[in-house]
Amino acid sequence: MSKLWGGRFTKDTNKLVEELTASISFDQKLAREDIQGSLAHVQMLAECGIITNEEMQSITAGLNKVGEKIEKGELTYSVENEDIHMNIEAFLIDEIGPVGGKLHTGRSRNDQVATDMHLYLKNHTNDIIKLIDDVQAAIVQQAEDNIETIIPGYTHLQRAQPVSFAHHMMAYFWMLQRDKERLLDSLERVNWLPLGAGALAGTTFPIDRERTAELLGFDKVYPNSMDAVSDRDFILEFLSASSILMTHISRLSEEFVIWSSEEFNFIELDDSFCTGSSIMPQKKNPDVPELLRAKTGRVYGDLVGLLTVLKGLPLAYNKDMQEDKEGMFDTVETVEGSLKLLAPMIATMNVNIDTMRKAVNNDYSNATDIADYLVTKGMPFREAHEVIGKIVLNAIEQGKYLLDLNLEEYQAFSPLFEEDIFEVLAPEHVMGVRNSYGGTSPEQVKMQLELAKDKLGVIQDSEK
């Protein structure tokens, strides 16, 4: 088969070179975007008088027909045609004849592929934002059901202070909110149109790039043709935001793995999100959060891979940039798949309220409140800190918890202790008095939930 660019060559391409340079095995994922960009391009060409309306109508009908055949799986891609752009152009020429060759007027594969990727990320970034929205909604629902549920809060994976389980879960809501805002912000760079930049220097044809941008829904047009075809910042930005998002998914997944262990038993994941053992019949393994935790690494790899590809490239386009697609596709599929699993897994998990409460009763996480208690009685904080440290040590030596000590034992360390110390030590009180903005008290958690629902409402309203 003759190459569409083969006029200058006297020998056929080595088959191994064809295999190395062909990208059709993976860039066929851009078929929809390639046709979308071509439809806008051909309309602009006709409006600018570069091709006739009849030619435009023929090419448009042909592109739509090719798109339908691709959707139905009726066309076979050719490695000889290298990539999705040349395959579609070859299909078009087969469909409508030589006039299909006019589609490529005023553009290059360099600006064409960049446009396709802008369109691809534009579509999928919006999809991912909606999927994050679903996860956030599941978190909010679990939080609303567990405002009064008390769980040990940890630092260094050591019990620190009692907190509301709703408060703990809502921390991930705000992580995801920042992820969503990063992705929304990245759309500003995604919404720049490279089409019409040509191979690197623009074109001699009197095209209207702003009109093409309007037809494709882009906000801006690249003002520099060399930057337009060589820019992959928008992909790096997406991969970076996705890596941070997967970090948050991984952290939450780690919590689920720990909490669902027999040692913690704070939650139970629904059977539909767990698997069993081939040899140990009693096992219920949290495979889904474990895999979500692991898949974070491949997204990191996609980011580092593209950074490494781009770091030494001179302007403008280089064949190295063919390596920009597989990592992008992989990250999109990984992130979307992870979020689709995460939302229902959160929604269906069972919270073991009694186990959490027992854990809070049987620890020393209310120690800070005893120190604060002594401070309210007039003792300097540093002195109070030392006193309560000694009380904790004494309790540990006796095999007791702070709630097990009687008033006489407390007064042995300070005469400032009175009967109200036991009120102060109650986990509900410890949680409830942390009423500063953003704190774990039920009142603050309810305010936080209202703010979160407002955030979800803003996104949902923008989607209508």
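Here, each number is a calculation from the coordinates, and none is a lab measurement. Bear in mind the structure is a predicted one, so any value in this text is a computation, not a measurement. We place every Cβ from the backbone using ideal geometry, glycine too, and count neighbours over all the protein chains shown.
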So, in Å, what gap is there between the alpha-carbon centers of the range 172-192 and the range 110-162?
11 Å
For residue 418, which sequence-distant residues (separation of 5 or more, or a different chain) have an amide H within less than 5 Å of its own amide H, given hydrogens modelled in the peptide plane?
none
Under the helix-only model (-39500 (n - 2.57) for each DSSP H run of 4 or more, divided by the residues of the chain), the mean residue ellipticity at 222 nm, to 500 deg cm²/dmol, is -20500 deg cm²/dmol
The Kirkwood hydrodynamic radius of the range 13-105, taken as the inverse of the mean 1/r over all distinct Cα pairs, in Å, comes to 13.6 Å
Sequence-distant lysines (8 or more away, or on other chains) whose Cα lies within less than 20 Å of residue 69:
29
Under 5 Å, built H, 5+ apart or other chain: amide partners of residue 12:
none
Relative packing of 272-284, 393-405, which averages over residues the other C-beta atoms within 10 Å, highest first:
393-405, 272-284
The residues 56, 328, sorted from fewest to most surrounding Cβ atoms within 10 Å, come out as 56, 328
Can you list the residues, at least 5 places off or on another chain, whose amide H is less than 5 Å from the amide H of residue 193, using H built in the peptide plane?
220, 221, 222
I need the P(r) histogram for the range 323-398: all alpha carbon pairs, bin width 10 Å from 0 out to the longest distance, whole percents.
15, 22, 16, 14, 18, 13, 2
If you line up the long axis of helix 233-259 against the longest principal axis of the chain, both from Cα atoms, how many degrees apart are they, to the nearest 10?
30 degrees
Distance check, please: which entries in 72/340; 72/311; 311/453; 65/311; 130/283 exceed 31 angstrom between their Cα atoms?
72/311; 311/453; 65/311; 130/283
Length released on extending from residue 25 to residue 265, taking residue separation times 0.36 nm less the Cα-Cα span
81.8 nm
Going highest first, how would you order 199-205, 104-110 by mean Cβ packing within 10 Å?
104-110, 199-205
Alpha carbon convex hull of the chain, volume per residue in cubic angstrom:
204 Å³
Using only the Cα atoms of the range 52-128, construct the convex hull and provide its projected area averaged over every direction, in square nanometres to one decimal.
6.1 nm²
Over every pair of different alpha-carbon atoms in the range 359-463, take the mean of 1/r and invert it; report that Kirkwood radius in Å.
15.7 Å
Applying 1/(1 + (r/R0)^6) with R0 = 30 Å to the Cβ-Cβ distance of residue 247 and residue 57, what FRET efficiency is obtained, to the nearest 0.05?
0.05
DSSP-defined antiparallel bridges as percent of all bridges, the range 118-273, nearest 5
75 percent
To the nearest 10 degrees, how steeply does helix 31-47 sit against the main Cα axis of the chain, on a 0 to 90 scale?
50 degrees
Computed ³J(HN,Hα) along the range 88-99: with the Karplus parameters 6.51/-1.76/1.60, θ = phi - 60°, integer Hz and x for glycine or proline, the list is 5, 5, 5, 4, 5, 5, 4, 7, 10, x, x, 4
Can you return the lysines within cross-link range of residue 400? Criterion is Cα-Cα under 24 Å, with same-chain partners fewer than 8 residues away left out.
358, 390
